[in-house]
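A.B. asks: Structure in C-alpha coordinates, see below.
The values are calculated or read from the model by the stated rules, or taken from the named source; none is laboratory data. Just so you know, these numbers come straight off a predicted model, no measurement behind them. In this analysis, Cβ positions are derived from the backbone assuming ideal geometry, glycine residues included, and neighbour counts consider all displayed protein chains. Side chains included, ligands, DNA and RNA excluded: accessible areas come from the protein's heavy atoms. Shrake-Rupley method; radii C 1.70, N 1.55, O 1.52, S 1.80 Å.
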Amino acid sequence: MALQPHQSNLPPTIEWRDDTLYLLDQTRLPLETVVEATDSVEAVWRAIHELRVRGAPAIGVAAAYGLCVAMRPERQASRDAFFARLEQHAAYLDSARPTAVNLHWALERMLAHARGASARTGAELYDALVEEARRIHREDVELCAKIGEHGRALIEAGGGVLTHCNAGALATTGIGTATAPLYCAHREGVPFRVYADETRPLLQGARLTAYELQQGGLDVTLITDSMAPALMAQGLIDLVIVGTDRVAANGDVANKIGTLGVAIAAKHFGIPFYVACPSSTLDLRTARGADIVIEERGADEVAQLAGRRTAPEGMKVRNPAFDVTPHALVTGIVTELGIVRAPFEANLAALFAKGAAA
Ligand code: MRU
(Lines give C-alpha, C1' and ligand atoms only; values in the text may rest on other atoms or scores of the structure.)
Protein backbone atom coordinates (compact mmCIF):
# COMPACT_ATOMS: atom_id res chain seq x y z
CA MET A 1 0.00 0.00 0.00
CA ALA A 2 1.56 3.34 -1.03
CA LEU A 3 0.42 5.40 1.96
CA GLN A 4 3.05 8.14 1.92
CA PRO A 5 3.23 9.16 -1.71
CA HIS A 6 5.23 12.34 -1.04
CA GLN A 7 8.23 10.47 0.31
CA SER A 8 8.57 7.38 -1.81
CA ASN A 9 12.16 6.80 -0.61
CA LEU A 10 10.99 6.22 2.99
CA PRO A 11 9.19 3.00 3.88
CA PRO A 12 5.76 3.42 5.51
CA THR A 13 5.82 4.21 9.23
CA ILE A 14 3.51 1.24 9.83
CA GLU A 15 2.55 -1.64 7.57
CA TRP A 16 0.30 -4.67 8.06
CA ARG A 17 1.23 -7.40 5.60
CA ASP A 18 0.57 -11.16 5.68
CA ASP A 19 -0.87 -10.93 9.21
CA THR A 20 2.37 -9.30 10.41
CA LEU A 21 2.99 -5.79 11.78
CA TYR A 22 6.02 -3.98 10.35
CA LEU A 23 7.31 -0.83 12.05
CA LEU A 24 9.89 1.63 10.78
CA ASP A 25 12.35 2.08 13.69
CA GLN A 26 12.29 5.85 14.18
CA THR A 27 15.02 5.81 16.83
CA ARG A 28 17.54 4.96 14.08
CA LEU A 29 16.52 7.65 11.59
CA PRO A 30 17.92 9.44 9.69
CA LEU A 31 21.16 7.47 9.59
CA GLU A 32 19.64 4.01 9.25
CA THR A 33 16.35 2.94 7.70
CA VAL A 34 15.33 -0.25 9.45
CA VAL A 35 11.91 -1.89 9.24
CA GLU A 36 11.21 -4.63 11.77
CA ALA A 37 8.50 -7.27 12.03
CA THR A 38 6.89 -6.85 15.45
CA ASP A 39 5.59 -10.28 16.34
CA SER A 40 4.43 -10.21 19.96
CA VAL A 41 2.30 -7.88 22.05
CA GLU A 42 5.34 -7.26 24.30
CA ALA A 43 7.36 -6.20 21.25
CA VAL A 44 4.59 -3.76 20.21
CA TRP A 45 4.46 -2.36 23.78
CA ARG A 46 8.24 -1.85 23.76
CA ALA A 47 8.19 -0.26 20.29
CA ILE A 48 5.66 2.32 21.54
CA HIS A 49 7.35 2.82 24.93
CA GLU A 50 10.81 3.23 23.39
CA LEU A 51 9.54 5.58 20.65
CA ARG A 52 10.43 3.31 17.75
CA VAL A 53 6.91 4.20 16.65
CA ARG A 54 5.85 7.59 18.03
CA GLY A 55 3.61 10.55 17.38
CA ALA A 56 0.01 10.41 18.60
CA PRO A 57 -1.77 9.16 15.44
CA ALA A 58 0.94 6.58 14.62
CA ILE A 59 0.80 5.28 18.19
CA GLY A 60 -2.96 4.79 17.76
CA VAL A 61 -2.59 2.84 14.51
CA ALA A 62 0.27 0.75 15.95
CA ALA A 63 -1.80 -0.10 19.04
CA ALA A 64 -4.78 -1.17 16.89
CA TYR A 65 -2.57 -3.57 14.94
CA GLY A 66 -0.82 -4.46 18.21
CA LEU A 67 -4.09 -5.88 19.46
CA CYS A 68 -4.27 -8.03 16.32
CA VAL A 69 -0.71 -9.24 16.96
CA ALA A 70 -1.76 -10.07 20.54
CA MET A 71 -4.89 -11.96 19.50
CA ARG A 72 -3.46 -13.92 16.58
CA PRO A 73 -2.44 -16.87 18.81
CA GLU A 74 -5.96 -16.85 20.38
CA ARG A 75 -7.89 -17.69 17.19
CA GLN A 76 -8.79 -21.14 18.48
CA ALA A 77 -10.22 -19.71 21.71
CA SER A 78 -13.93 -19.64 22.56
CA ARG A 79 -15.70 -16.27 22.32
CA ASP A 80 -15.58 -15.77 26.10
CA ALA A 81 -11.92 -16.74 26.43
CA PHE A 82 -11.08 -14.53 23.46
CA PHE A 83 -12.71 -11.50 25.09
CA ALA A 84 -10.99 -12.09 28.42
CA ARG A 85 -7.57 -12.11 26.70
CA LEU A 86 -8.52 -9.18 24.45
CA GLU A 87 -9.30 -6.95 27.42
CA GLN A 88 -6.07 -7.94 29.19
CA HIS A 89 -3.96 -7.19 26.12
CA ALA A 90 -5.74 -3.87 25.49
CA ALA A 91 -5.06 -2.75 29.09
CA TYR A 92 -1.42 -3.78 28.72
CA LEU A 93 -0.92 -1.86 25.44
CA ASP A 94 -2.70 1.15 26.94
CA SER A 95 0.05 1.35 29.58
CA ALA A 96 2.85 1.87 27.04
CA ARG A 97 2.67 5.70 27.15
CA PRO A 98 0.24 7.95 29.07
CA THR A 99 -0.08 11.26 27.23
CA ALA A 100 -1.20 10.62 23.63
CA VAL A 101 -4.94 10.00 23.83
CA ASN A 102 -4.91 8.26 20.44
CA LEU A 103 -3.47 5.15 22.13
CA HIS A 104 -6.47 4.78 24.42
CA TRP A 105 -8.86 5.96 21.69
CA ALA A 106 -7.72 3.31 19.19
CA LEU A 107 -7.83 0.50 21.77
CA GLU A 108 -11.32 1.51 22.93
CA ARG A 109 -12.48 1.59 19.33
CA MET A 110 -11.05 -1.89 18.69
CA LEU A 111 -12.76 -3.28 21.81
CA ALA A 112 -16.08 -1.66 20.89
CA HIS A 113 -15.85 -3.09 17.36
CA ALA A 114 -15.17 -6.61 18.68
CA ARG A 115 -18.03 -6.36 21.18
CA GLY A 116 -20.43 -5.22 18.45
CA ALA A 117 -19.30 -7.79 15.87
CA SER A 118 -21.60 -10.68 15.05
CA ALA A 119 -18.52 -12.96 14.99
CA ARG A 120 -18.85 -16.05 17.18
CA THR A 121 -15.51 -17.84 17.02
CA GLY A 122 -12.05 -16.64 17.95
CA ALA A 123 -11.05 -16.79 14.28
CA GLU A 124 -13.98 -14.61 13.22
CA LEU A 125 -13.30 -12.14 16.02
CA TYR A 126 -9.65 -11.93 14.97
CA ASP A 127 -10.71 -11.16 11.38
CA ALA A 128 -13.05 -8.43 12.68
CA LEU A 129 -10.17 -6.88 14.65
CA VAL A 130 -7.88 -6.85 11.63
CA GLU A 131 -10.62 -5.24 9.55
CA GLU A 132 -11.08 -2.47 12.15
CA ALA A 133 -7.35 -1.85 12.52
CA ARG A 134 -7.07 -1.50 8.75
CA ARG A 135 -10.00 0.96 8.84
CA ILE A 136 -8.30 3.06 11.55
CA HIS A 137 -5.13 3.01 9.42
CA ARG A 138 -6.95 4.07 6.22
CA GLU A 139 -8.82 6.81 8.06
CA ASP A 140 -5.57 8.19 9.47
CA VAL A 141 -4.26 8.67 5.93
CA GLU A 142 -7.49 10.43 4.91
CA LEU A 143 -7.65 12.64 8.04
CA CYS A 144 -4.10 13.89 7.45
CA ALA A 145 -5.03 14.83 3.88
CA LYS A 146 -8.09 16.74 5.11
CA ILE A 147 -6.06 18.56 7.77
CA GLY A 148 -3.76 19.58 4.93
CA GLU A 149 -6.67 20.95 2.90
CA HIS A 150 -8.00 23.00 5.83
CA GLY A 151 -4.58 24.25 6.95
CA ARG A 152 -3.22 24.97 3.48
CA ALA A 153 -4.55 28.57 3.46
CA LEU A 154 -2.43 29.40 6.53
CA ILE A 155 0.79 29.14 4.49
CA GLU A 156 1.66 32.41 2.80
CA ALA A 157 3.99 32.71 -0.18
CA GLY A 158 7.39 33.92 0.99
CA GLY A 159 6.57 33.28 4.65
CA GLY A 160 8.43 31.45 7.41
CA VAL A 161 6.81 28.62 9.40
CA LEU A 162 8.16 27.23 12.66
CA THR A 163 7.35 23.74 13.89
CA HIS A 164 8.37 21.85 17.02
CA CYS A 165 9.01 18.11 17.43
CA ASN A 166 7.72 15.84 14.65
CA ALA A 167 4.04 15.97 13.78
CA GLY A 168 4.92 14.82 10.30
CA ALA A 169 4.41 11.82 8.06
CA LEU A 170 6.56 9.82 10.46
CA ALA A 171 4.16 10.60 13.33
CA THR A 172 1.19 9.36 11.30
CA THR A 173 0.54 7.01 8.40
CA GLY A 174 -0.33 9.88 6.05
CA ILE A 175 1.20 13.29 5.37
CA GLY A 176 1.33 14.26 9.04
CA THR A 177 -0.76 16.78 10.95
CA ALA A 178 1.35 19.94 11.41
CA THR A 179 3.20 19.07 8.20
CA ALA A 180 0.07 18.35 6.15
CA PRO A 181 -0.57 22.04 5.28
CA LEU A 182 3.14 22.38 4.47
CA TYR A 183 3.14 19.43 2.08
CA CYS A 184 -0.08 20.67 0.43
CA ALA A 185 1.26 24.19 -0.09
CA HIS A 186 4.57 22.81 -1.37
CA ARG A 187 2.78 20.55 -3.87
CA GLU A 188 0.98 23.61 -5.19
CA GLY A 189 4.32 25.33 -5.75
CA VAL A 190 3.95 27.95 -2.97
CA PRO A 191 7.44 29.13 -1.92
CA PHE A 192 7.98 29.31 1.88
CA ARG A 193 10.60 28.46 4.50
CA VAL A 194 10.22 25.99 7.36
CA TYR A 195 12.24 26.17 10.59
CA ALA A 196 12.42 22.90 12.54
CA ASP A 197 13.23 23.07 16.26
CA GLU A 198 15.68 20.27 17.06
CA THR A 199 13.51 19.23 20.06
CA ARG A 200 15.70 18.27 23.01
CA PRO A 201 16.16 15.76 24.49
CA LEU A 202 15.32 13.14 21.82
CA LEU A 203 15.79 15.36 18.76
CA GLN A 204 12.61 14.45 16.87
CA GLY A 205 12.85 17.80 15.07
CA ALA A 206 16.43 17.27 13.88
CA ARG A 207 16.24 13.54 13.22
CA LEU A 208 12.71 13.28 11.84
CA THR A 209 11.09 16.59 10.84
CA ALA A 210 14.16 18.11 9.19
CA TYR A 211 14.79 14.76 7.52
CA GLU A 212 11.33 14.13 6.12
CA LEU A 213 10.84 17.73 4.94
CA GLN A 214 14.22 17.67 3.24
CA GLN A 215 13.31 14.35 1.60
CA GLY A 216 10.06 15.93 0.46
CA GLY A 217 11.97 18.77 -1.21
CA LEU A 218 10.81 21.55 1.17
CA ASP A 219 13.02 24.49 2.14
CA VAL A 220 13.79 23.51 5.75
CA THR A 221 16.30 24.95 8.21
CA LEU A 222 17.21 23.25 11.48
CA ILE A 223 17.56 25.37 14.64
CA THR A 224 18.08 24.54 18.30
CA ASP A 225 15.02 25.06 20.51
CA SER A 226 16.49 28.13 22.18
CA MET A 227 16.90 29.94 18.84
CA ALA A 228 13.19 30.15 18.04
CA PRO A 229 12.43 33.45 19.87
CA ALA A 230 15.47 35.13 18.28
CA LEU A 231 14.25 34.16 14.81
CA MET A 232 10.82 35.51 15.69
CA ALA A 233 12.41 38.78 16.80
CA GLN A 234 14.17 38.97 13.43
CA GLY A 235 10.82 38.70 11.63
CA LEU A 236 11.64 35.33 10.06
CA ILE A 237 8.61 33.50 11.47
CA ASP A 238 5.07 34.32 10.30
CA LEU A 239 3.31 31.22 11.58
CA VAL A 240 3.82 28.46 14.13
CA ILE A 241 2.17 25.10 13.55
CA VAL A 242 2.63 22.10 15.83
CA GLY A 243 0.93 18.79 16.52
CA THR A 244 -0.55 17.59 19.79
CA ASP A 245 -0.92 14.45 21.88
CA ARG A 246 -4.15 15.49 23.57
CA VAL A 247 -6.45 18.49 23.49
CA ALA A 248 -8.58 19.02 26.61
CA ALA A 249 -12.24 20.08 26.40
CA ASN A 250 -11.29 23.72 27.09
CA GLY A 251 -8.74 23.79 24.23
CA ASP A 252 -5.57 23.40 26.35
CA VAL A 253 -3.03 21.47 24.31
CA ALA A 254 -0.45 18.89 25.42
CA ASN A 255 2.48 18.55 23.06
CA LYS A 256 6.21 17.84 23.10
CA ILE A 257 8.15 19.59 25.85
CA GLY A 258 9.20 23.03 24.61
CA THR A 259 5.93 23.77 22.81
CA LEU A 260 4.77 26.03 25.66
CA GLY A 261 7.86 28.22 25.34
CA VAL A 262 7.30 28.52 21.59
CA ALA A 263 3.64 29.50 22.17
CA ILE A 264 4.60 32.17 24.75
CA ALA A 265 7.22 33.62 22.38
CA ALA A 266 4.73 33.58 19.48
CA LYS A 267 2.19 35.48 21.60
CA HIS A 268 4.85 38.05 22.53
CA PHE A 269 5.71 38.68 18.87
CA GLY A 270 2.09 38.55 17.65
CA ILE A 271 2.67 35.43 15.55
CA PRO A 272 -0.30 33.06 15.03
CA PHE A 273 0.12 29.75 16.86
CA TYR A 274 -1.84 26.84 15.33
CA VAL A 275 -2.18 23.24 16.45
CA ALA A 276 -3.06 20.48 13.95
CA CYS A 277 -4.64 17.15 14.87
CA PRO A 278 -7.32 14.65 13.91
CA SER A 279 -10.46 14.79 16.03
CA SER A 280 -9.34 11.50 17.66
CA THR A 281 -6.78 13.63 19.56
CA LEU A 282 -9.54 15.80 21.08
CA ASP A 283 -10.35 14.48 24.54
CA LEU A 284 -13.57 16.05 25.77
CA ARG A 285 -13.51 13.74 28.80
CA THR A 286 -10.51 15.69 30.11
CA ALA A 287 -11.73 19.09 31.22
CA ARG A 288 -8.47 21.07 31.39
CA GLY A 289 -4.83 20.73 30.44
CA ALA A 290 -3.88 20.42 34.11
CA ASP A 291 -5.75 17.08 34.15
CA ILE A 292 -3.60 15.56 31.38
CA VAL A 293 -1.07 12.98 32.56
CA ILE A 294 2.39 14.08 31.42
CA GLU A 295 4.85 11.31 30.73
CA GLU A 296 8.07 11.58 32.74
CA ARG A 297 10.90 9.72 31.01
CA GLY A 298 14.27 8.41 32.17
CA ALA A 299 17.01 10.74 33.45
CA ASP A 300 19.61 9.46 30.95
CA GLU A 301 17.78 11.16 28.07
CA VAL A 302 18.71 14.50 29.66
CA ALA A 303 21.98 13.64 31.44
CA GLN A 304 23.50 12.14 28.28
CA LEU A 305 24.08 13.28 24.73
CA ALA A 306 24.45 10.66 21.99
CA GLY A 307 25.06 7.98 24.61
CA ARG A 308 27.78 9.98 26.45
CA ARG A 309 27.20 11.40 29.90
CA THR A 310 27.23 15.19 29.91
CA ALA A 311 25.94 15.96 33.44
CA PRO A 312 27.82 15.30 36.68
CA GLU A 313 27.20 11.87 38.21
CA GLY A 314 24.45 11.99 40.84
CA MET A 315 22.80 15.07 39.28
CA LYS A 316 19.04 15.44 39.90
CA VAL A 317 17.21 15.47 36.56
CA ARG A 318 13.64 16.21 35.43
CA ASN A 319 12.45 14.86 32.09
CA PRO A 320 8.77 15.61 31.39
CA ALA A 321 8.21 14.58 27.76
CA PHE A 322 5.31 16.98 27.17
CA ASP A 323 3.99 20.34 28.34
CA VAL A 324 0.57 21.98 28.23
CA THR A 325 -0.08 25.16 26.28
CA PRO A 326 -3.09 27.05 27.67
CA HIS A 327 -5.82 27.68 25.11
CA ALA A 328 -5.36 31.45 25.50
CA LEU A 329 -2.13 31.09 23.53
CA VAL A 330 -3.72 29.02 20.74
CA THR A 331 -4.93 30.83 17.62
CA GLY A 332 -6.70 27.80 16.17
CA ILE A 333 -6.85 24.00 16.05
CA VAL A 334 -6.77 22.57 12.52
CA THR A 335 -8.77 19.34 12.32
CA GLU A 336 -10.14 17.21 9.48
CA LEU A 337 -13.47 19.01 9.93
CA GLY A 338 -12.09 22.53 9.75
CA ILE A 339 -10.29 25.06 11.94
CA VAL A 340 -11.63 25.49 15.49
CA ARG A 341 -11.08 28.88 17.12
CA ALA A 342 -12.03 30.46 20.47
CA PRO A 343 -14.26 30.01 22.37
CA PHE A 344 -12.71 26.54 22.29
CA GLU A 345 -14.95 24.84 24.84
CA ALA A 346 -18.13 25.58 22.88
CA ASN A 347 -16.57 25.15 19.44
CA LEU A 348 -14.89 21.82 20.25
CA ALA A 349 -18.18 20.48 21.61
CA ALA A 350 -19.90 21.65 18.41
CA LEU A 351 -17.29 19.81 16.34
CA PHE A 352 -18.28 16.54 18.01
CA ALA A 353 -21.91 17.28 17.32
CA LYS A 354 -20.81 17.65 13.68
CA GLY A 355 -19.38 14.10 13.58
CA ALA A 356 -15.83 14.15 14.94
CA ALA A 357 -14.24 10.76 15.73
CA ALA A 358 -15.62 10.39 19.28
O1 MRU B 1 7.39 11.72 22.18
P2 MRU B 1 6.84 11.77 20.78
O3 MRU B 1 7.90 11.81 19.74
O4 MRU B 1 5.82 10.69 20.54
O5 MRU B 1 6.08 13.17 20.73
C6 MRU B 1 5.36 13.49 19.56
C7 MRU B 1 4.73 14.83 19.61
O8 MRU B 1 4.83 15.56 20.58
C9 MRU B 1 3.90 15.21 18.43
O10 MRU B 1 3.91 16.59 18.24
C11 MRU B 1 2.44 14.76 18.65
O12 MRU B 1 2.39 13.42 19.02
C13 MRU B 1 1.62 14.96 17.44
S14 MRU B 1 2.06 13.84 16.14
C15 MRU B 1 1.08 14.17 14.79
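A.B. asks: Can you find a residue in region 188-201 that is within 14 Å of the ligand (Cβ to nearest atom) and under 15 Å from the mean Cα position of the chain (by Cα)?
C.D. replies: Taking every residue of region 188-201 in turn, at least one turns out to be within 14 Å of the ligand (Cβ to nearest atom) and under 15 Å from the mean Cα position of the chain (by Cα).
A.B. asks: Here are 342, 328: which of them is part of a loop (DSSP other than H, G, I, E, B) and under 17 Å from residue 276 (Cα atoms)?
C.D. replies: 342
A.B. asks: For region 307-317, indicate whether the set of residues that are in contact (Cβ under 8 Å) with a residue 40 or more places away in the chain and of a type outside the set (Val, Ile, Thr) is non-empty.
C.D. replies: Within region 307-317, not a single residue is in contact (Cβ under 8 Å) with a residue 40 or more places away in the chain and of a type outside the set (Val, Ile, Thr).
A.B. asks: Pick from 35, 53, 101: which is modelled with pLDDT of 95 or more, more than 16 Å from the ligand (Cβ to nearest atom) and among the β-branched types (Val, Ile, Thr)?
C.D. replies: 35
A.B. asks: Just one of 263, 299, 303 is away from the ligand (no atom under 16 Å from the Cβ) and open to solvent by less than 10 Å² (accessible area, probe 1.4 Å); which is it?
C.D. replies: Result of the check over 263, 299, 303: 303.
Here is a yes/no grid of residues against (1) within 16 Å of the ligand (Cβ to nearest atom); (2) more than 22 Å from residue 19 (Cβ to Cβ); (3) in the same structural domain as residue 227 (by TED's automatic domain parsing):
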position: 123; (1), (2), (3): no, no, no
position: 128; (1), (2), (3): no, no, no
position: 135; (1), (2), (3): no, no, no
position: 140; (1), (2), (3): yes, no, no
position: 157; (1), (2), (3): no, yes, yes
position: 161; (1), (2), (3): yes, yes, yes
position: 164; (1), (2), (3): yes, yes, yes
position: 170; (1), (2), (3): yes, yes, yes
position: 178; (1), (2), (3): yes, yes, yes
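A.B. asks: A further question follows. Sort out which residues of region 307-323 are at pLDDT below 95 and closer than 24 Å to residue 167 by Cβ, and write them in order of number.
C.D. replies: Across region 307-323, there are no qualifying residues.
A.B. asks: Which condition breaks for residue 233 when tested against (1) under 19 Å from residue 14 (Cβ atoms); (2) open to solvent by 10 Å² or more (accessible area, probe 1.4 Å)?
C.D. replies: Going through the list (1) under 19 Å from residue 14 (Cβ atoms); (2) open to solvent by 10 Å² or more (accessible area, probe 1.4 Å), residue 233 breaks only (1).
A.B. asks: Follow-up. When you check residue 95 against the structure, is it farther than 23 Å from residue 295 by Cα and either open to solvent by 40 Å² or more (accessible area, probe 1.4 Å) or not assigned by TED's automatic domain parsing to the domain that holds residue 50 (or both), yes or no?
C.D. replies: Judged against the criteria, residue 95 is not a match.
A.B. asks: Could you grab the pairs with beta carbons closer than 7 Å, sequence gap of 6+ or different chains, first residue in region 36-57 and of a type in the set (Lys, Arg), second one open to solvent by less than 50 Å² (accessible area, probe 1.4 Å)?
C.D. replies: 52/23; 52/25; 52/26; 54/26; 54/171
A.B. asks: For the condition free of Cβ contacts under 8 Å to residues at least 24 places away in the same chain and outside the structural domain of residue 109 (by TED's automatic domain parsing), what is the one hit in 249, 303, 276?
C.D. replies: Selected residue: 303, the only one of 249, 303, 276 that is free of Cβ contacts under 8 Å to residues at least 24 places away in the same chain and outside the structural domain of residue 109 (by TED's automatic domain parsing).
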